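Notes for the one structure printed next.
The values are calculated or read from the model by the stated rules, or taken from the named source; none is laboratory data. Computed from a predicted structure; not experimentally measured. All Cβ positions, even for glycine, are placed from backbone atoms using ideal geometry, and neighbour counts span all protein chains on display.
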Amino acid sequence: MQVAVFLLLQGDQSVAADIARGRAIATRWCSECHVTAPGQRLGSDNVPTFSEINKSKHFDEARLSAFLSAPRHSRMPDLSLTRAEIADLVAYIKSQRP
Ligand code: HEC
C-alpha cells in the first residue's frame, strides 16, 4: 500500500506528457468550442476539430505548444494553461488518428 501511494505521488510530479490527462483537460476546457474527440458531435461552428488540428501542417508539436501558451487568434481565448497542461494536450491531440 505504501509503495502504491509513493508511486502515485511520483507520477504526479512527473513532467512527462500524459494523454489521458490531456483528454480530461480537453473535455473540460476545449470541448465547449472544439470537437475534441471522434465521438463528440457538437462543437462551435467554424472551429477546427482536434483531428483537423492534428492533420494540419501548421501544427507540429512545437508550434502547437507555442500556440497554446499564447493563442494570438482573436476568436480563441487565452486559457492560461500551465506547461504541464500544454504538454498533456499536445500529447492528446497528437495521439488522435488523422
Ligand atoms: C471559447 C471557444 C474556444 C475554446 C474554449 C477553445 N478554443 Fe481553440 N479555437 C477557437 C476558435 C474560434 C478557433 C479558430 C480561430 C480562428 O481560426 O480564427 C480556435 C483554434 C484553435 C487552434 C488552431 C488555431 C489555428 O490557427 O488553426 C488550436 C490548436 C486550438 N484552438 C486549441 C485549443 C485547445 C487545446 C483548447 C482547450 C485548452 C481550446 N482551443 C479551447 C475557440 C476556442
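Points to keep in mind about this one:
- Restricting region 70-84 to residues that are surrounded by 11 or more Cβ atoms within 10 Å (Cβ to Cβ) and modelled with pLDDT of 90 or more leaves a set whose member that is farthest from Thr27 (Cα to Cα) is Arg83.
Here is a yes/no grid of residues against (1) of a type outside the set (Asp, Glu); (2) out of contact with any Cys (no Cβ under 6 Å at 6 or more places or on another chain); (3) in a helix (DSSP H, G or I); (4) at negative phi:
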site	(1), (2), (3), (4)
Asn46	yes, yes, no, no
Ala62	yes, yes, yes, yes
Phe67	yes, yes, yes, yes
Arg72	yes, yes, no, yes
Ser80	yes, yes, no, no
Lys94	yes, yes, yes, yes
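- On inspection, Ser95 does not qualify as surrounded by fewer than 18 Cβ atoms within 10 Å (Cβ to Cβ), at pLDDT 90 or above and within 12 Å of the ligand (Cβ to nearest atom).
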